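Below is one structure, written out as structure tokens, with a few remarks after it.
Bear in mind these aren't lab numbers, they're just calculated from the coordinates by the rules spelled out. Bear in mind the structure is a predicted one, so any value in this text is a computation, not a measurement. Cβ atoms come from the backbone with ideal geometry, glycine included; neighbour counts cover every protein chain shown.
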Amino acid sequence: MFQRFLRFTMKCQNPAKKFSTATQNNFKVCVIGSAGGIGQPLCLLLKQELMITYLNLYDIAKVNPGVNVDLSHVNTTPIVQAFTGCNVVVITAGMPRKPGMSREDLFGANAAVVYGFACAVACFSPCALVAIVTNPLNSMVPVFSEVLMRCGCYDPCKIFGVTTLDLVRASTFAGQISCADPSYLDIPVIGGHAGKTIVPLLSQSRPPLPSMTQEDIQKLTVRIQEAGTEVVKAKAGEGSATLSMAFAAARFVRSLLKGLSGEPVIECAYVRSCATDAAYFANPLVLGRYGIERNLGYGKLNAYEGKQLQEAVPILVKNIEDGVKYVIQKADIKPPTKCEPPKPPSKTKG
Ligand SMILES: NC(=O)c1ccc[n+]([C@@H]2O[C@H](COP(=O)([O-])OP(=O)(O)OC[C@H]3O[C@@H](n4cnc5c(N)ncnc54)[C@H](O)[C@@H]3O)[C@@H](O)[C@H]2O)c1
């Protein structure tokens, strides 16, 4: 069932596909951090998305107006425009890792950025689905959520930490080992998005992976957990994953839009959860018209995966606490005066 859903999703995710089967295709999407390493290729991918009518690019970088003009010359439908009443807001703004840094080291720099955008979303797009990419994701989703709670417009079904890159990596690396087409491998990755909190469920791969020794399973698990560091090291101080992340974020945004348009899609993401002792947790979700339609949990784990999960949860709990404490210490949030649903743009594609 899961696999059928996923194959269908993948079929419709092909950017070269000319005709969308979606029932609604006039969505307004905003990318915050649009001039960055992830932001620019992500905007290019979304500029080719048939379900989007308006694409908003926001960044403090001086080059952003240029990125805007550059992108507006691409002969596809989405029109580049302003940050109000969005259906989906993607937050990629913030500092990336340098060699030797952990994602947690980014907390000081990026919590203020995410906090600021949570206030902005509460005022200008309070009903949007929000996809957060900025690290450390395990803490940034709680920061964003706490701000919206205090602004009176929190909906746990609408706030997502984007962990799609972990799934993309899991299927890529498993595909290399098993000589399978990675685009047809579906491997859930649960927990969070940093080191040991990333828990790939290789036993739940669809189709199943060929039998592997425990040593191979451990190697593959660690490679998935440390893949971000592999990129940071290879880029030698010039940033972290950008192209693969843009690919993953575009896939996630497309899934959100398909859900919004009435075609349920299954994706993993880091969301408010009661699956474990951690108040936020990533596992497969059904995405629908109002965001999360159903949380599917994580199913049956084998002994190794169970142990990984046991190690992940206390780390997640601590990361979440850090995010919540940060917001509690800032007591200056003023609730927005009103919370209006986003108005769909008047232009409708045929
Ligand atoms: N979730 C994941 O799987 C994943 C993967 C890779 C990277 N990341 C994270 O994504 C974030 C962005 O990475 P990147 O490589 O694109 O970084 P980058 O430095 O290339 O781009 C960040 C952009 O954000 C902009 N920005 C910063 N503060 C801003 C503000 N207050 N308002 C508007 N724009 C602002 C900058 O001007 C810049 O253009 C980092 O935190 C990185 O760690 C997440």
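For the reader, a short list of remarks on this structure follows.
- Dipole size of the range 15-162 about its Cα centre, with +1 on Lys/Arg Cβ and -1 on Asp/Glu Cβ: approximately 240 debye, rounded to the nearest 20.
- Sequence-distant contacts, meaning Cα pairs under 8 Å at least 6 residues apart, place the relative contact order of the chain at 21 percent.
- Once the C-beta distance of THR213 and LEU243 is scaled by a Förster radius of 25 Å, the resulting FRET efficiency is 0.20 to the nearest 0.05.
- Within the chain, the longest segment free of exposed loop sites, counting trypsin sites (Lys or Arg not before Pro) that fall outside DSSP classes H, G, I, E and B and have at most 10 other Cβ atoms within 10 Å, spans 63-299.
- Long-range HN-HN contacts of CYS30 with modeled amide H, under 5 Å: ASN56, VAL88, VAL89, VAL90
- Residue-by-residue Karplus 3J(HN,Hα) for the range 53-70, coefficients 6.51, -1.76, 1.60, Hz, glycine and proline x: 9, 10, 10, 9, 10, 10, 6, 7, 5, 4, 6, 4, x, x, 4, 4, 5, 3
- Inter-site label distance for LYS330 and LYS62 at 7 Å from Cα along Cβ, in nm: 2.7 nm
- With a cut-off of 12 Å between beta carbons, the residues surrounding PRO314 carry a summed charge of -1, where Lys and Arg count +1 and Asp and Glu -1.
- Per-pair calculated FRET efficiency, R0 = 45 Å: GLU293 and SER72 via Cβ, rounded to 0.05: 0.85
- Which of SER203, ASN26, LEU148, positive extreme of dipole for the chain (C-beta unit charges): ASN26
- When the charge dipole of the chain is built from unit charges on Cβ atoms (+1 for Lys and Arg, -1 for Asp and Glu) and taken about the Cα centre, the candidate among SER261, SER171, ASN138 whose Cα reaches farthest toward its positive end is SER261.
- Karplus-based coupling profile of the range 279-286, in residue order and whole Hz: 6, 10, 7, 9, 6, x, 10, 8, with θ = phi - 60° in 6.51 cos²θ - 1.76 cosθ + 1.60 and x standing for Gly or Pro.
- Residue-averaged 222 nm ellipticity for the chain, from DSSP H runs of 4+ at -39500 (n - 2.57), nearest 500: -13000 deg cm²/dmol
- Qualifying GluC sites (Glu not before Pro) in the range 228-324, DSSP loop, other Cβ atoms within 10 Å at most 16: GLU238
- Cα-centred dipole magnitude for the chain, charges only on beta-carbon of K, R (+1) and D, E (-1), debye, nearest 20: 820 debye
- Long-range HN-HN contacts of TYR280 with modeled amide H, under 5 Å: SER273
- DSSP bridge pairs, the chain: antiparallel proportion in percent, nearest 5: 45 percent
- Rg of the Cα atoms in the chain, relative to 2.2 N^0.38 Å, amounts to 0.94.
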